[in-house]
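Everything below concerns the one structure shown next.
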Amino acid sequence: MKEVCFSFEEYCDDLGPAKIVHVYDAACGMHGIVVIDNVACGPSIGGVRMTLDVSTQEVFRLARAMTLKNAVAGLAHGGGKAGIVADPRRPDKARIIRAFARAIRDLVEYTPGPDMGTDETSMGWIFNEIGRALGRPRVLGGIPLDEIGATGFGVAECAEVAAPFCNLNLQGATLAVEGFGNVGRHVAHFLEEKGVKLVAASDSHGTIYDPAGIPVAELAKVKTASGSVLEYSQGTKLKQADLFGLPCDILIPAARPDSIHKGNVNGIQAKLILQGANIPATPEIERQLHERHVLILPDFIANAGGVICAAVEYRGGTEKQAFEDIVQKIRHNTEAVLTRSHREGIPPREAGLILAHDRVREAMSFRTCE
Ligand code: NAD
């Protein structure tokens, strides 16, 4: 796919980006993109996305989300992100990821973690090449953040704090999840434990919908065995895009960028949207939802569980500490952002940005010469 040129005028500001690096390995056909956005708070950490259509703009927007997310979570880390332009199902995935790792060896202000198309095994390969990766398998001294569901766990904590702000009782509330992957599957599980009923889930093949409820463990078993939620034996099979118009109380985008857009935003019926995915909607779309009194929690607040876990791993901490930090930080930040949003009548993203920018700018103030 031909990439749209990165627009400096549109995206650059006083926060960043600090570096945009393209790396190639012609021998295996690897093309990687790394954006280090801002490192005032510390060395950057952020995931590696492996998709066929990942672009510089997408990686920049994701890196900026990491700058904000790490700052709001009070982590001593800046924001960075990477993309590898390749199909994650290709048989030589290990070769491509290893080539990418070798190519970023000297970019020491960036430590990779998992994202769409990569997982703990991928992090194991990167760690083996350059001794720098987070979300690694336990056997390599890591905390496998995808396997333990750190991000989904945090999104469910966020939901519990947010629900009273939109008069929602989680007990019996209905849930639709876009993307039944590492984030989507785990958030559905942790919300089910809080009394929420999964009624719809999608993946790259389509959407399964059953208003009677879908047991999360059963759907996960089907997805693992067959590769698709559509193989679930009950309910109705729909197209991917249909998920966004289904009746539900809670909607969790947990897959693609800009999945909520001007073509589907008016059809959304949920009262509460939690951004499990990064950049699933533009600020303009979020504002439209806010004006319709749909409560929408931005990515850098709702899905910070994974990077909070990675920051604990970075310092050699335990899984138990990681879960404790996720509970404390996500609950505190959700409450702070929603209280401010309610008091000032501004969308939650704007309330969160004030908090994030204050922290990043304070950290940047220590870098000036005078
Ligand atoms: P994943 O690769 O494990 O899962 C993605 C899922 O989305 C897969 O089931 C895939 O089939 C599905 N999918 C792909 N295209 C789709 C489409 N058009 N419609 C519906 N489903 C589709 O990825 P992940 O790690 O769960 O990441 C998902 C999102 O969450 C990304 O935006 C990522 O940046 C964000 N995120 C991930 C983490 C993490 O810890 N993994 C942390 C924070 C944010």
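Any read-out appearing in this document is the output of simple, stated calculations on the displayed coordinates, not a laboratory observation. No experiment lies behind these values; they were computed from the predicted model shown. Because the Cβ atoms are built from the backbone with ideal geometry, glycine has one as well, and the counts that use them run over all protein chains shown.
Segment 8-56 and segment 168-200 have Cα centres separated by 32 Å. Take the Cα of S233, step 7 Å toward its Cβ, do the same at V327, and the gap between the two points is 3.8 nm.
Compute the Kirkwood hydrodynamic radius of segment 95-224, taking the inverse of the mean of 1/r over all pairs of distinct Cα atoms, and give it in Å to one decimal. Before the final figure, lay out each step's value.
Details: mean 1/r = 0.0613 Å⁻¹.
It works out to 16.3 Å.
Per-residue extension of 0.36 nm, minus the Cα-Cα distance of R292 and K320, leaves a gain of 6.1 nm for this segment. Build a GNM of the chain with springs between Cα atoms under 10 Å apart, and of A176, A103, A73 the one that fluctuates most is A103.
Approximating the spin labels as points 7 Å out from Cα along Cα→Cβ, the H205-to-A225 distance works out to 1.2 nm.
What translational diffusion coefficient, in µm²/s and rounded to a whole number, does the Stokes-Einstein relation yield for segment 302-370 at 10 °C and a viscosity of 1.306 mPa s, taking the hydrodynamic radius as the Kirkwood radius over Cα pairs? Kindly include the intermediate steps, with their values, before the conclusion.
Values: Rh = 13.7 Å.
Value of D from the Cα-based Kirkwood radius: 116 µm²/s.
Segment 305-370 and segment 68-137 have Cα centres lying 22 Å from one another.
Taking a quarter of the surface of the Cα convex hull of segment 210-348, what do you get in nm²?
That works out to 10.1 nm².
If you wrap segment 244-306 in the convex hull of its Cα atoms and look at it from every side, the mean projected area works out to 3.8 nm².
Determine the dipole magnitude for the chain: charges of +1 sit on the beta-carbon of Lys and Arg, -1 on that of Asp and Glu, nothing else is charged, the reference point is the Cα centre, and the result goes in debye to the nearest 20. Intermediate values should be presented prior to the final figure.
On the way: 39 positive and 45 negative charges, 85 e Å.
Taking the Cα centre of the chain as origin, the dipole is about 400 debye.
Report the percentage of all Cα-Cα pairs in segment 101-161 whose separation exceeds 13 Å, rounded to a whole percent. Roughly 61 percent, once rounded to a whole number. Prolate is the label for segment 149-237. Its Cα gyration tensor axes, ordered a ≥ b ≥ c, give a/c of at least 1.5 and a/b above b/c. Pick out which of S226, S122, S259 has the largest mean-square fluctuation in a Gaussian network model of the chain, springs linking Cα atoms closer than 10 Å. Among S226, S122, S259, the largest mean-square fluctuation in the Gaussian network model of the chain belongs to S226. Computed as a quarter of the hull surface, the mean projected area of the alpha carbon convex hull for segment 1-149 stands at 8.8 nm².
Do you know the relative contact order of the chain, to the nearest whole percent, from alpha carbon pairs under 8 angstrom that are 6+ apart?
Details: 800 pairs, mean separation 57.3, N = 370.
Relative contact order of the chain: 15 percent.
Tell me which lysines have Cα within less than 20 Å of K239's Cα, excluding those fewer than 8 residues away on the same chain? Straight-distance partners of K239: K223, K262.
If R0 is 25 Å, the Cβ-Cβ spacing of R340 and D13 corresponds to a FRET efficiency of close to 0.70. Working value for segment 1-87: equivalent-ellipsoid semi-axes of 23, 14, 10 Å, each the square root of 5 times a Cα gyration tensor eigenvalue, largest first.
All C-alpha to C-alpha distances of the chain, sorted into 20 Å bins beginning at zero, yield P(r) values of 31, 61, 8, 0 percent in whole numbers. How high is the FRET efficiency between R89 and D258 when r is their beta carbon distance and R₀ equals 22 Å, given to the nearest 0.05? Result of the calculation: an efficiency of 0.45. Taking only Cα atoms and a 10 Å spring cutoff, compute GNM fluctuations for the chain and point out the largest among G131, G47, G305. Judging by the Gaussian network model, the answer is G131.
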